[in-house]
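Below: one structure, written as structure tokens.
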């Protein structure tokens, strides 16, 4: 399933900047960065749970936030990209939109 | 329909920072900020088109990007929030998740 992960990490401290890097690194293991703080992850339910656990262990819930959007089977029809950076297909075939 | 808008704006110049403020301001007219560069907008098709036109007129497509995700009718079941800032219901009733 396609899961969109968006995050806000408070980077006003060195610890925050470290958390930001860690969050991005976790997400990179599961998906593709499409914007600075937005990843699209094609995962099965177990992988999704693992990602959630890993990210929950990284962030500071007092200052940082994560949002998960399950885009469902029809996710390709739900996404539209405008501007810099070409669209991509996380299933492996490049496309331009 | 619920549309998620995510954006990356290059803020390395004063013009970029101005564009960033303009993008946020446009989005605020149509929805609710849920993270720094993420808005959830409950719009009809005409409003969605208007928002797209306005944002396209603001960004610099060489350096900035927009992504739109149509979350569909079941959007509430698709969203999960973790950490800072409580979830909200753009239809008006607050909920906590």
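Quick note: the coordinates plus some simple rules give every number you see, no bench work behind them. Everything numeric here is computed off the predicted structure, so don't read it as measured data. Counting neighbours? That spans all protein chains shown, and the Cβs are built from the backbone with ideal geometry, glycine included.
Using the number of other C-beta atoms within 10 angstrom as an exposure proxy, rank B:49, B:85 with the fewest first.
Final ranking by Cβ density, sparse to dense: B:49, B:85.
Using all C-alpha to C-alpha distances in the protein assembly as shown, build P(r) with 10 Å bins and read off the rounded percent in each one.
8, 37, 40, 15, 0
Sort out for me the Cα centre separation of segment A:19-68 from segment B:1-39, rounded to whole Å.
If you average the Cα positions of each part, the centres end up 21 Å apart.
What's the average, rounded to a whole number, of partner chain beta-carbon atoms within 10 Å of each residue's beta-carbon in A:67-74?
Mean inter-chain Cβ contacts per residue within 10 Å come to 6.
Taking a ≥ b ≥ c as the square roots of the eigenvalues of the Cα gyration tensor of segment B:2-72, is the shape rounded (a/c under 1.5), prolate (a/b larger than b/c) or oblate?
prolate
Give the relative contact order (percent, whole number) for chain A; include only Cα pairs under 8 Å separated by 6+ residues.
Dividing the mean separation by the residue count of chain A yields 36 percent.
For chain A, what is the mean residue ellipticity at 222 nm derived from helices alone (per DSSP H run of n ≥ 4: -39500 (n - 2.57); sum divided by total residues; nearest 500 deg cm²/dmol)?
-10500 deg cm²/dmol
Other chains' Cβ within 10 Å of B:1-7 residues: what's the mean?
If you average over the peptide's residues, the count of other-chain Cβ atoms is 4.
From the label point of residue A:36, set 7 Å along Cα to the beta carbon, how far off in nm is each other copy's matching point, shortest first?
Residue A:36 label point versus its equivalents elsewhere: 0.6 nm.
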